[in-house]
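Just so it is clear, none of the values below were taken in a lab; they were calculated from the coordinates. Nothing here was measured: the structure is a model prediction, and the numbers come from that model. Reconstructed Cβ throughout: ideal geometry from the backbone, glycine too, with neighbour counts over all protein chains shown.
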Amino acid sequence: MQDTLQNYIPKKAVPLILQLLEHEHLTIKIKNERKTRHGDYKRLPNGRHQITVNSNLNCYRFLITLVHEIAHLEAFKTYGKFIKPHGKEWKYTFQRLMLPFLNPEVFPLDLLPLLARHFKNPKASSDTDAHLSLALKQFDAPNDKTYIFEVPMGRHFKIYNGKIFQMMKKRVKRFECVEVKTGKVYLFSPNAEVELLN
């Protein structure tokens, strides 16, 4: 497991992660990209636990996602199965587990203030924190996508599932866009990646 993890997370994080993964009934699987999630945790019917993380994540997002999922396991073990998936027990556990990683040996200095702010009250997904999400994306492999906040008003774009939208207007934090085929209005976070159409 150590050799595999070294390919996905910052080198200085490996010993700490291995300590967190010392659980006899835990399986870690690295999956191909899933558009709807970075990772997940589940308790299997045989009593074992499984964590999956997408292979295409940059090392910092991979680490955050892995600790996020480990926090689900730890919260389950500590508080039982009747807690909310991203409730106060999980938040407290995630904060506690993430704290040792929040240092300049693991994360770049410019990410640390954003991470500190995020972990005051962690959300179900780091993607809902637009500032942190955009900062993390600078470490992704280059691609041909455009951030939604860069799309000019009135311009058409396509999302991952092939649906085509037209940019309408910016609200306070999100962007209002109309699906061309149905006329339905959708709101997009500023850090959503889309493909511009001519």
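How far is helix 88-98 tilted, in degrees, relative to the longest principal axis of the Cα atoms in the chain, given as a value from 0 to 90 rounded to the nearest 10?
So the inclination is approximately 80 degrees.
Exposure proxy check: Y92, Y8 ranked by fewest other beta carbons within 10 Å?
Ranked by crowding around the Cβ, least crowded first: Y92, Y8.
Which order do Y41, Y60, Y147 fall in if you start with the one that has the fewest other Cβ atoms within 10 Å?
Listing Y41, Y60, Y147 from fewest to most nearby Cβ atoms yields Y147, Y41, Y60.
Across 5 Å bins from 0, what is the distribution of all Cα-Cα pair distances for the chain, in whole percents?
Histogramming the chain at 5 Å steps yields 1, 7, 14, 17, 17, 15, 11, 9, 6, 2, 0 percent.
Taking the Cα centre of the chain as origin, work out the dipole magnitude from +1 charges on Lys and Arg Cβ and -1 charges on Asp and Glu Cβ, in debye rounded to 20.
For this selection, approximately 820 debye.
Taking only DSSP H segments of four or more residues, each worth -39500 (n - 2.57), what value at 222 nm results for the chain once the sum is divided by all its residues, to the nearest 500 deg cm²/dmol?
Result for the chain: -8500 deg cm²/dmol, rounded to the nearest 500.
Regarding segment 2-52, what's the average projected area of the Cα-atom convex hull, expressed in nm²?
Values: hull surface 16.8 nm².
The number I arrive at for segment 2-52 is 4.2 nm².
Within the chain, what is the longest stretch that has no GluC sites (Glu not before Pro) placed in a DSSP loop and near at most 14 other beta-carbon atoms within 10 Å?
In the chain, the maximal stretch lacking such sites is 106-198.
So if I take the centroid of the Cα atoms in segment 67-99 and the same for segment 124-179, what is the distance between those two points in Å?
Answer, in whole Å: 29.
So how do I64, I28 line up by other beta-carbon neighbours within 10 Å, fewest first?
I28, I64
Taking a 32 Å limit on the Cα-Cα distance, which of the listed pairs K42/K170; K88/K163; K11/K120; K35/K120 fall beyond it?
Details: K42/K170 37 Å; K88/K163 36 Å; K11/K120 25 Å; K35/K120 27 Å.
Where the Cα-Cα span goes over 32 Å, the pairs concerned are K42/K170; K88/K163.
Which ³J(HN,Hα) values in Hz, rounded to whole numbers, follow from the phi angles of segment 19-24 under the Karplus curve 6.51 cos²θ - 1.76 cosθ + 1.60, where θ = phi - 60° and Gly and Pro get x?
Residue by residue, segment 19-24 yields 5, 5, 8, 6, 9, 5 Hz.
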